[in-house]
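These notes concern the structure reproduced below.
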Amino acid sequence: MSKKMYQSRKGSQSFYVKVDSEAVILRFTNYDKTLSIEDKKLQSALEDSEPFKRGDIVCLTVSAGRPKKETVRTTREFPEVTDWNEAVEVLQEDPYGIHPSKLQSNEAILTVAEEVGAVFPNLTVA
């Protein structure tokens, strides 16, 4: 199965696509605004979407097969986090325990959050 990596050219965005009569939400909200998809039907649905046709979403890479060693990363959403100070607090607490010196800028906060799998969907990124 081929994996495709897509990127949002319009920043963070989320939208629905239809796959087998079901609405599936696609979120481009991580630090680099990318989304990796292996499912062929979901790839087709994304590529048939208006954001893709307008060029707001682009396909960056296509890779065949699975890598020999695949890392499974769990993510956890924190919808209650709406400002940078709250994001820092979450990243400093268990289970993350990130040292404050690694959270000195908004960019650093987003990078660390992506690395540890913390997602802040309601954090305003200016």
Of the residues that sit in region 1-40 and are in a strand (DSSP E or B) and of a type in the set (Lys, Arg), which one is modelled with the highest pLDDT?
Lys18
In region 54-94, residues that are open to solvent by 70 Å² or more (accessible area, probe 1.4 Å), modelled with pLDDT of 90 or more and either within 24 Å of Gly11 (Cα to Cα) or of a type in the set (Phe, Trp, Tyr) (or both) total 3
Failed item, numbered, when Leu46 is tested on (1) open to solvent by less than 50 Å² (accessible area, probe 1.4 Å); (2) without any contact (Cβ under 8 Å) to a residue 40 or more places away in the chain
(2)
Confirm whether Arg27 is loosely packed, with under 15 Cβ neighbours inside 10 Å and in contact with a strand residue (DSSP E or B) (Cβ under 7 Å, 6 or more places away or on another chain).
no
Consider region 95-125. How many of its residues are within 13 Å of Thr82 (Cβ to Cβ) and exposed (fewer than 15 other Cβ atoms within 10 Å of the Cβ)?
4
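The values are calculated or read from the model by the stated rules, or taken from the named source; none is laboratory data. None of these values were measured; they are calculated from a predicted model. Don't worry about glycine lacking a Cβ; one is built from the backbone with ideal geometry, like all the others, and counts go over all protein chains shown. Surface areas here come from the heavy atoms of the whole protein model, side chains and all, with no ligands, DNA or RNA. Shrake-Rupley method; radii C 1.70, N 1.55, O 1.52, S 1.80 Å.
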